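In what follows, a structure is listed as structure tokens, so that the remarks can point back to it.
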Amino acid sequence: MVEPRATILSKVVTPDYVLETILLELNEIETVPAYFAYPPTAQVQSCPLVLFNHSHGGDFTKGKEELIQSSDYLQPMSFLQTLTKQGYAVGVIDMWGFGERNKQKESELFKEFLLKGHTLWGMRIYDNQQFLTYLLDRPEVNPEKVATMGMSMGGMMSWWLAALDERIRVVVDIAAQVEYEALIKEKRLDRHGFYYYVPGILKQLTTNDIQQLIVPRARLCLIGRVDPLCPLVGVTDLDKRLHQSYLDQQASNQWACEILDGGHQETREMRERWIQFLRQHL
């Protein structure tokens with residue numbers, strides 16, 4: 001395992017936040033560009049951290065820039081502005097194949113990693129865990145108050161990260177409650193890129209098994225009622241099972257799955273809900 005190391009390339013100081021552009025060594029293959037931002041007060045007293053995961057959207061040029069400039073399916077105010085205004089530090093990397101790491105087609109990365117005994121999804125998860133290790137050593141961050149969030153691919157990354165990494169205390173996933181079994185049943189497998197499909201996983205685990213690993217930590221799942229990428233049969237099935245698990249652990253207030261108006265997007269109502277949830281749990 002590589003010990004995470006960072007070079008701060010630039011620092012922009014504004015009245016509302018400090019924004020650092022960073023180049024990281026997280027794996028043995030290539031360096032990883034990132035942003036790390038925090039309120040000016042974090043230089044005096046550490047802040048809760050939000051690890052932000054960018055979406056896919058078929059736009060491989062954007063990546064981490066989604067933190068600074070919203071995609072058209074997100075609310076206009078950037079996550080950078082929204083999160084630092086709420087008093088949080090926030091970090092994001094370019095995941096494999098995106099932004100400054102857009103050096104190969106996603107299909108080529110997927111195939112190359114399979115040939116070498118890895119999965120693209122697993123490699124993306126690994127980089128984010130390594131990035132979290134780096135962030136938790138920053139003096140601006142309170143390591144006891146850590147959340148992760150994102151939309152679509154970023155939302156799926158969020159709940160996978162939380163399932164695999166207990167350092168994460170709070171999860172917010174938007175348009176990302178995707179059950180593998182429901183995709184098969186509803187014939188919607190092609191709604192998601194092949195990067196997300198881990199060979200043989202359903203021989204070992206169900207989607208519910210993975211998400212149960214988050215219980216009883218706080219999690220908010222936000223879904224659009226007509227989102228074609230998140231079949232409602234899977235959303236409601238997972239909600240039923242997870243709700244019972246949180247009840248069994250006397251943590252029912254830690255779980256919320258809200259099916260709201262909208263499609264595959266972050267609506268204004270969703271923005272209001274996750275701000276409130278982070279305020280309550282982080």
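List of remarks:
- On inspection, ALA42 fails the criterion of being touching a helix residue (DSSP H, G or I) at 6+ places or on another chain (Cβ under 6 Å), of a type in the set (A, V, I, L, M, F, W, C), surrounded by 13 or more Cβ atoms within 10 Å (Cβ to Cβ) and within 20 Å of THR84 (Cβ to Cβ).
- Of the residues screened, LEU109 is one that is farther than 26 Å from TRP255 by Cβ, over 19 Å from the mean Cα position of the chain (by Cα) and among the aliphatic types (A, V, I, L, M).
- Selection status of ARG225, in contact with a helix residue (DSSP H, G or I) (Cβ under 7 Å, 6 or more places away or on another chain) and surrounded by fewer than 23 Cβ atoms within 10 Å (Cβ to Cβ): no
- All of GLN211, GLN250 fail the test of being surrounded by fewer than 19 Cβ atoms within 10 Å (Cβ to Cβ) and of a type outside the set (Ser, Thr, Tyr), apart from GLN250.
- Residue pairs meeting the criteria (Cβ under 6 Å; at least 6 apart or on separate chains; first in contact (Cβ under 8 Å) with a residue 24 or more places away in the chain, in the stretch 115-142; second in a loop (DSSP other than H, G, I, E, B) and aromatic (Phe, Trp, Tyr)): MET123/TRP96; ARG124/TRP96
- Scanning the stretch 1-36 for residues that are loosely packed, with under 14 Cβ neighbours inside 10 Å, over 19 Å from GLU140 (Cβ atoms) and not β-branched (Val, Ile, Thr) yields MET1, GLU3, GLU28, GLU30.
No lab work stands behind these numbers, since they all come straight from the coordinates. Nothing here was measured: the structure is a model prediction, and the numbers come from that model. Counting neighbours? That spans all protein chains shown, and the Cβs are built from the backbone with ideal geometry, glycine included.
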